[in-house]
Ligand SMILES: [Fe+2]
Ligand SMILES: [Fe+2]
């Protein structure tokens, strides 16, 4: 599907604020791709589609995992919204015809990140956090500035914010987010 058609699909399946967020992620991901020498079209596609399963309820996400035989970790079973990346990648493939594995994996890992992310994965992870329609977040100006010059450092700051936010909330922390943070923190120090 062409980008324009993907935008139209997202406009019809997502609630309006989520659609605006997706357009924002698409735009920022495209800019970051140009800056860092990544494929801008892939970044745009991954950006517009990254939350394509976000409109599903917890029960629907779990049903999709069963239907498509996706592994559900203990933490995902407790917080099924964490599954919208995994399920989103399946939708991207089956409903929107995306076959590119790099795009699909950047959709899978956009919420938690993962150790040793590809450039496209880092771009989508970061764009999801800094797109302009998001409500103000701590240190967002600093993170935005870093995103356009030192991507790995922006990734670390986003992970720090996420872990700090999750520690203060009742939501459980995905161990993958902790592993990702430790990976990038130690990579930065070596
Ligand atoms: Fe998301
Ligand atoms: Fe998102």
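The helices (runs of 4 or more DSSP H) falling completely within the range 1-84 that include 1 or more residues that are modelled with pLDDT under 95 and either within 16 Å of ligand 2 (Cβ to nearest atom) or surrounded by fewer than 16 Cβ atoms within 10 Å (Cβ to Cβ) (or both) map to 74-78. The single condition from (1) within 16 Å of ligand 1 (Cβ to nearest atom); (2) more than 15 Å from the chain's Cα centre (by Cα) that residue 38 fails is (1). Considering every residue within the range 100-111, establish whether at least one is over 24 Å from residue 132 (Cα atoms), in contact with a helix residue (DSSP H, G or I) (Cβ under 9 Å, 6 or more places away or on another chain) and at pLDDT 95 or above. There is at least one residue in the range 100-111 that is over 24 Å from residue 132 (Cα atoms), in contact with a helix residue (DSSP H, G or I) (Cβ under 9 Å, 6 or more places away or on another chain) and at pLDDT 95 or above. Note on the range 95-175: enclosed helices (runs of 4 or more DSSP H) holding 3 or more residues that are closer than 16 Å to residue 50 by Cα and within 16 Å of ligand 2 (Cβ to nearest atom) are 101-108, 119-130.
The values are calculated or read from the model by the stated rules, or taken from the named source; none is laboratory data. This is a predicted model, so every value here is computed, not measured. No Cβ is skipped: glycine too gets one built from the backbone with ideal geometry, and neighbour counts run over all protein chains shown.
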